Amino acid sequence: DIPKNVGIKDGFTVFNLDHRHQHDSGTHWTAAYASAEGCVYFDSFGMPPSIEIEEFIKRRFPAFYYNHRELQDYYAGTCGLWCLAFGNYVRHSPEHLVKAANDFINLFTKDTQGNERILGRMGI
């Protein structure tokens, strides 16, 4: 559960999904990048955010977007690296937030195994 009094700030935020117990490492990492333009939620599997995360983001950012494309290979444990690559790319992009996020996603293809190789070359 996300506490009601926690707010998301401009910049990069990472979410660890299904972190049920204090000592669990969770099952999947996702991220969000926020600015005055709104917020982009990123999941390397191209899944929408949970209702809980969506409501959490929308409390602060009414303009809300998320990616729909699967980038990560299902058998790869690289979701955290995908989040870091996304955040780093968007942070350093001169483009508006949504365009920067789309530009990042468009670096990759439908070949998820090939995408893993591209991610590896990004040096994250």
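3J(HN,Hα) couplings calculated from phi for the range 65-78 with the Karplus curve 6.51 cos²θ - 1.76 cosθ + 1.60 (θ = phi - 60°) are, in sequence order, 9, 8, 7, 10, 9, 7, 10, 7, 5, 4, 8, 8, x, 10 Hz; Gly and Pro show x. What you get for the chain, charging only the Cβ of Lys and Arg (+1) and of Asp and Glu (-1), is a dipole of about 260 debye around the Cα centre.
When a 1.4 Å probe is rolled over the protein heavy atoms, the share of accessible surface on the chain that falls to carbon and sulfur comes to 53 percent.
So, for the range 46-124, what is the accessible surface per residue at a probe of 1.4 Å, expressed in square angstrom?
That works out to 61 Å² for each residue.
Karplus-derived 3J(HN,Hα) values for the range 92-99, using 6.51 cos²θ - 1.76 cosθ + 1.60 with θ = phi - 60°, are 9, 7, x, 7, 5, 3, 5, 5 Hz; glycine and proline are entered as x.
Of the peptides 57-67, 29-39, 93-103, the order by per-residue mean of other Cβ atoms within 10 Å, starting with the highest, comes out as 29-39, 57-67, 93-103. Place a point 7 Å from Cα of residue 18 in the direction of its Cβ. Which residues in the range 38-52 have their backbone N less than 20 Å from it? Within reach of a label on residue 18: 42-52. Computed from the alpha carbon atoms alone, the convex hull of the chain holds 104 Å³ per residue. Based on DSSP H segments of at least four residues, each scored -39500 (n - 2.57), the chain has a per-residue ellipticity at 222 nm of -10000 deg cm²/dmol. Extending 7 Å from Cα along the Cβ direction at residue 50 and again at residue 113 yields two label points whose distance is 3.2 nm.
The values are calculated or read from the model by the stated rules, or taken from the named source; none is laboratory data. Just so we're clear, the structure is a prediction, and the values are computed from it rather than from any experiment. Here the Cβ is made from the backbone with ideal geometry for all residues, glycine too, and neighbour counts use every protein chain on show. For accessibility, only protein heavy atoms count, side chains too; no ligands or nucleic acids. Shrake-Rupley method; radii C 1.70, N 1.55, O 1.52, S 1.80 Å.
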